Structures are given as C-alpha cells and as structure tokens.
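Contents: one structure, followed by commentary.
The values are calculated or read from the model by the stated rules, or taken from the named source; none is laboratory data. Note that the coordinates shown come from a computational prediction; the quantities given were computed from them, not determined experimentally. Don't worry about glycine lacking a Cβ; one is built from the backbone with ideal geometry, like all the others, and counts go over all protein chains shown.
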Amino acid sequence: MKQPSNQTYWQDKNNKFIVKRKKEILIRFQYLTIKNAELFFYQQLLLKRPSRSEKDLIDNHSTYREAFQSFYPNEYSNAIQDIIYSTKLKKSLYLENYQNLINNILISV
C-alpha cells in the first residue's frame, strides 16, 4: 500500500496506513429496548465497548447480558430499575382502570 500524500496519517501494528476521514459517518442503528433482551445488550456493547471481534465483545461471559452487566454495572442497574418502574406503573394503571370499571358497574346497577 502506498503512503498517503498530503494527508495526516498513522500506521497500525500491521504497517497499514490509517487516514483521517474528511466527512463524518452517519451511523444508523435499530432502536431497541431492554425488552429485546440479548439484542439490546449486544447493541449496547457495540456502542460502548471497543472491540475487534465478537470474542472481545463478550469476553469470557456466556451471554451479552452477562457481559454488559459485568462491564457496566451502573447502567445495567439503571436499566433494571427502569423495567421495574415501568412494570409497576403499568400494573397501577391496570388496577386503576379495573377499579373504575367496577365502580361504573356498581353505579349503573
């Protein structure tokens, strides 16, 4: 490979030239939530953890969830707390709607 001319460049460990981009790259990714389980944790690891291979990404863990929990315990805890809060909120709304329905039935009788 030829040495780049008139550009700032670096060489990696394999003596390949790395040239700084002139334009930014637009990264697109699928919107996932924790409900998507392994896909969500895989995506979060890709976004947060530098790696060259899947093996680097998951390290010595058996699932992406375990790897994410190990590498980012605070973020994992926050995600779990969000799920707990969301579940409680939905349950509360469900019970409130149920109570309103019962009250409406009792009033109409």
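In segment 12-62, the qualifying residues are those that are β-branched (Val, Ile, Thr) and more than 21 Å from Glu75 (Cα to Cα), and the one that is modelled with the lowest pLDDT is Ile27.
Only one of the numbered conditions (1) under 30 Å from Tyr9 (Cβ atoms); (2) touching a Phe, Trp or Tyr at 6+ places or on another chain (Cβ under 6 Å) is violated by Arg65, and that is (1). Taken over segment 4-22, residues that are surrounded by 11 or more Cβ atoms within 10 Å (Cβ to Cβ) and part of a loop (DSSP other than H, G, I, E, B) amount to 1.
Per the conditions (1) assigned to a loop (DSSP other than H, G, I, E, B); (2) over 14 Å from the mean Cα position of the chain (by Cα), the sole criterion not satisfied by Lys91 is (1).
Conditions tested, residue by residue: (1) in contact (Cβ under 8 Å) with a residue 24 or more places away in the chain; (2) not charged (D, E, K, R).
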| residue | (1), (2) |
| --- | --- |
| Tyr9 | no, yes |
| Val19 | no, yes |
| Lys22 | no, no |
| Asn36 | no, yes |
| Glu66 | no, no |
| Glu75 | yes, no |
| Asn103 | no, yes |
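Counting only helices (runs of 4 or more DSSP H) that sit wholly inside segment 23-83, those with at least 3 residues that are surrounded by 12 or more Cβ atoms within 10 Å (Cβ to Cβ) and among the aliphatic types (A, V, I, L, M) are 38-48.
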